[in-house]
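Trainee: Here you go, one structure.
The values are calculated or read from the model by the stated rules, or taken from the named source; none is laboratory data. If you're wondering where the values come from, they're calculated on a predicted model, not measured in any experiment. Ideal geometry is used to build each Cβ from the backbone, glycine not excepted, and the neighbour counts take in all protein chains shown. Surface areas here come from the heavy atoms of the whole protein model, side chains and all, with no ligands, DNA or RNA. Shrake-Rupley method; radii C 1.70, N 1.55, O 1.52, S 1.80 Å.
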Amino acid sequence: MKIAPIMRVLRVHPLFSGSQLVHTGQHYDDSMKACFFEQLDIPEPDVDLEVGSASHAVQTAEIMRRFEPVLEERRPSAVLVVGDVNSTIACGLVSVKLGYPLIHVEAGLRSYDRSMPEEINRVLTDQISDLLFTTERAAESNLVREGIDRQRIHFVGNVMIDTLLYNLHKAQEAFIRYYQHDPDLAAVVEEGYGLVTLHRPSNVDDETILRALVDTLVQASRQLPLFFPVHPRTRANLHRYGLEGRLLSGRIHVLEPLGYLEMIGMMAQARIVLTDSGGIQEETTALGIPCLTLRENTERPITVTEGTNTVVGVDPERIMSTFQEVMENGGKQGRIPELWDGQAAKRIADVLERWVKEVRS
């Protein structure tokens, strides 16, 4: 979702039309990967490292091992990485150690929770980047506090919202096609529904937390039916802890993972979203949909201060009281944050063009 608008802009830019796309294979599930490339019109990767699943250390090391010869063979002018996953820091480290300038899109976001692997990836990637593109103004303050020169920081907006706005009409059509063939799903859509996503290890790997979340979702579903597209990691742990039957005791419709378009279409019509995803916090804010974040913190505070997001943690009472408030009063209204206008990738290309010209002069 982050690379699609960037590649779309770079492909038609006279300076960057030769940009090459490397897919590490960190997100390896075919149902969650292949359809994203197709639906978002992402060009086939020039290189696929096919890393697959492993522990954080093994996966990061394997990406580094496989990415290094790619750089040595292709010798790019710079390397651009997005987000905060293991691929981000792994490719970033290899790049700077080989002397290539590093560009980080979605820089400066902080949860200040070092138990989150993504937080470590964010902090380290920002420290070694030459250009840092931010999604919200507060991110610059975070970076400056960490000793990063303001001249390297550029507030451009949110490429995730570029993708959402570019695909919103197609997403609504895709969701209609998704549920129309199933009378049960169509009936839920007609009644109104909430949407649930869970995938973070802190929530789904811990049996006590996952069990409490399942019970809470069952309770919430008695007021409002819930769609729950289940992430492969979550599905495995639901089975491991014997929670599948418990999950089905309420009005929860357990679904296979959805494509991006179907997910956005479903989200856009939901009355409420319960999630532990950072990206969905942003998407719900852009769509004006109330969001309950099932975490103790967020690295996207603008979705709380300006958007529709409320951080509720994993305490069942707090989740249910906030859920009830949304059901009764409609939830936070919020507003769309500054520069979340669908033009972030264009602004990135403009900054890159100026940067390249300065380097060459």
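Trainee: Over 25 Å from Gly288 (Cα atoms) and crowded, with 16+ Cβ neighbours inside 10 Å, is that true of Leu352?
Mentor: Here the answer is yes, as Leu352 does meet what is asked.
Trainee: Among the residues of the stretch 239-265, write down those that are more than 22 Å from the chain's Cα centre (by Cα), farther than 16 Å from Gly192 by Cβ and either touching a residue at least 40 places away in the same chain (Cβ under 8 Å) or open to solvent by less than 10 Å² (accessible area, probe 1.4 Å) (or both).
Mentor: Leu243, Leu247
Trainee: Exactly one condition in (1) in a helix (DSSP H, G or I); (2) open to solvent by 10 Å² or more (accessible area, probe 1.4 Å); (3) touching a strand residue (DSSP E or B) at 6+ places or on another chain (Cβ under 8 Å) is not met by Ala139; state its number.
Mentor: Evaluating Ala139 over (1) in a helix (DSSP H, G or I); (2) open to solvent by 10 Å² or more (accessible area, probe 1.4 Å); (3) touching a strand residue (DSSP E or B) at 6+ places or on another chain (Cβ under 8 Å) leaves (2) as the failure.
Trainee: Is it the case that Val123 is in contact with a Phe, Trp or Tyr (Cβ under 8 Å, 6 or more places away or on another chain) and at pLDDT 95 or above?
Mentor: No; evaluated as a whole, the condition is false for this residue.
Trainee: In the set Ser87, Ser115, Ser53, Ser129, which member is open to solvent by less than 10 Å² (accessible area, probe 1.4 Å), of a type in the set (Gly, Ala, Ser) and at negative phi?
Mentor: Residue meeting the stated conditions: Ser129.
Trainee: Scan (1) in contact (Cβ under 8 Å) with a residue 60 or more places away in the chain; (2) farther than 26 Å from Ala138 by Cα; (3) crowded, with 19+ Cβ neighbours inside 10 Å for the single condition Ile302 breaks and write down its number.
Mentor: Here Ile302 meets the rest and fails (2).
Trainee: List the residue pairs whose Cβ atoms are under 9 Å apart, where the first residue sits in the stretch 308-327 and is basic (Lys, Arg), the second is open to solvent by less than 40 Å² (accessible area, probe 1.4 Å) and modelled with pLDDT of 95 or more, and the two are 6 or more positions apart or on different chains.
Mentor: Arg318/Val312
Trainee: Of the residues Val96, Val70, Val82, Val58, only one is free of Cβ contacts under 8 Å to residues at least 12 places away in the same chain, among the β-branched types (Val, Ile, Thr) and either over 21 Å from Thr163 (Cβ atoms) or buried (at least 17 other Cβ atoms within 10 Å of the Cβ) (or both); which?
Mentor: Of the residues listed, the single one that is free of Cβ contacts under 8 Å to residues at least 12 places away in the same chain, among the β-branched types (Val, Ile, Thr) and either over 21 Å from Thr163 (Cβ atoms) or buried (at least 17 other Cβ atoms within 10 Å of the Cβ) (or both) is Val58.
Trainee: Could you look through the stretch 210-228, keep only residues that are open to solvent by 50 Å² or more (accessible area, probe 1.4 Å) and in a helix (DSSP H, G or I), and pick out the one that is farthest from Ala186 (Cα to Cα)?
Mentor: Going through the qualifying residues, I end up with Arg211.
Trainee: Which of (1) among the polar types (S, T, N, Q); (2) open to solvent by 20 Å² or more (accessible area, probe 1.4 Å); (3) without any contact (Cβ under 8 Å) to a residue 60 or more places away in the chain is the odd one out, the single condition Thr293 does not satisfy?
Mentor: Status for Thr293: all satisfied but (2).
Trainee: Condition check: touching a strand residue (DSSP E or B) at 6+ places or on another chain (Cβ under 8 Å) and hydrophobic (A, V, I, L, M, F, W, C). Does Val144 satisfy that?
Mentor: Judged against the criteria, Val144 is a match.
Trainee: Keeping to the stretch 157-204, report how many residues are surrounded by 18 or more Cβ atoms within 10 Å (Cβ to Cβ), assigned to a helix (DSSP H, G or I) and touching a Leu at 6+ places or on another chain (Cβ under 8 Å).
Mentor: Total satisfying the criteria: 10.
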